[in-house]
Amino acid sequence: MAGMRLFVALTPPADVVEELQARVAALRDLEQDLRWSRPEQWHLTLAFLGEVSDETCGELAGQLGTAAGRHPPLTLSFGGGGRFGHRVLWTRVHGERDRLRRLANAVRAAARRSGLATEQRPYLPHLTLARAAGSADLRPLVDALAPYEGRSWTADELHLMHSRLGAGPGGTALHEPIRSWPLSEQ
Ligand code: 2AM
């Protein structure tokens, strides 16, 4: 049974990525022991699906297309910082968070209708900036990010993303959209 490691995400436009990249560049000297995610890979995950068989993928795409057609484009921005323990540094998501949550719920429901198990953890919108190789003190980085307020952007497409572990530069994961649908409320 062939399969792919998949997740569903929104992706920020180039100007938003460039602005955030400039802010993040100033943080790199604060902590050496981090692997920074590559800006061209930055994304906002709605649901992580794990390994999905080719058979399920077709059903999933149909369900996701339907969900995308029931949700309007979202106005969002990145700002501030946060962390998962001592391992993951991220920036927060501001703007239409309620609509974002509804979209994430719809994506999870679409995955379940396709027969996939979805995460039980509550959805916490974030964009991962760096991961610690071991355990790092991320608090100074979170503090340094606190004043950051990125520009607003409109998320108008839902992407089904393929994550190929080890396929990116230096053995990192490579994320590629395999299907995309416009967000549009009918
Ligand atoms: P993260 O950014 O917080 O690491 C691709 O791996 C995307 O799916 C990432 O954005 C990652 O979130 C998210 N994801 C959620 N659960 C995951 C899991 N169990 N394994 C890998 N990635 C996961």
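The values are calculated or read from the model by the stated rules, or taken from the named source; none is laboratory data. Computed from a prediction, not measured in an experiment: that's the story for all the values here. Because the Cβ atoms are built from the backbone with ideal geometry, glycine has one as well, and the counts that use them run over all protein chains shown. Only protein heavy atoms, including side chains, enter the accessible area calculation; ligands, DNA and RNA are left aside. Shrake-Rupley method; radii C 1.70, N 1.55, O 1.52, S 1.80 Å.
What is the pair-distance distribution P(r) of the chain, computed from all Cα-Cα distances in 5 Å bins starting at 0, with each bin given as a whole percent?
Percent of Cα pairs in each bin: 1, 8, 16, 19, 20, 17, 11, 6, 2, 0.
Ignoring ligands, DNA and RNA, what accessible area per residue does the chain give at 1.4 Å, in Å²?
Details: 9330 Å² over 186 residues.
Using a 1.4 Å probe on heavy atoms only, each residue of the chain averages 50 Å².
Could you state the angle between the C-alpha long axis of helix 54-68 and the longest principal axis of the C-alpha atoms of the chain, as a value from 0 to 90 degrees rounded to the nearest 10?
Roughly 80 degrees between the two axes.
Counting only protein heavy atoms and a 1.4 Å probe, tell me what percentage of segment 3-182's accessible area is made up of carbon and sulfur. Walk me through the numbers before you get to the answer.
Values: 4200 of 8740 Å².
Carbon-and-sulfur percentage of accessible area, whole number: 48.
Go through segment 58-127 and name the GluC sites (Glu not before Pro) that are in a DSSP coil and have 13 or fewer other Cβ atoms within 10 Å of their Cβ.
Glu119
Express the relative contact order of the chain as a whole percentage, based on alpha carbon pairs under 8 Å and six or more residues apart in sequence.
34
Counting only trypsin sites (Lys or Arg not before Pro) that sit in a DSSP loop (anything but H, G, I, E, B) with at most 15 other Cβ atoms within 10 Å, what is the longest stretch of the chain containing none of them?
Between exposed loop sites, the widest span is 1-69.
So if I place +1 on the C-beta of Lys and Arg and -1 on the C-beta of Asp and Glu, and nothing else carries charge, what would the dipole magnitude of the chain be about its Cα centre? I want it in debye, nearest 20. Can you show the working numbers first?
Working: 22 positive and 21 negative charges, 101 e Å.
Result for the chain is approximately 480 debye, rounded to the nearest 20.
Could you give the angle, 0 to 90 degrees to the nearest 10, between helix 14-25's Cα long axis and the longest principal axis of the Cα atoms of the chain?
30
Put +1 on the Cβ of every Lys and Arg and -1 on every Asp and Glu Cβ in the chain; which of Ala106, His175, Thr66 then has its Cα farthest towards the positive end of the dipole?
The residue sitting farthest along the positive end of the dipole is Ala106.
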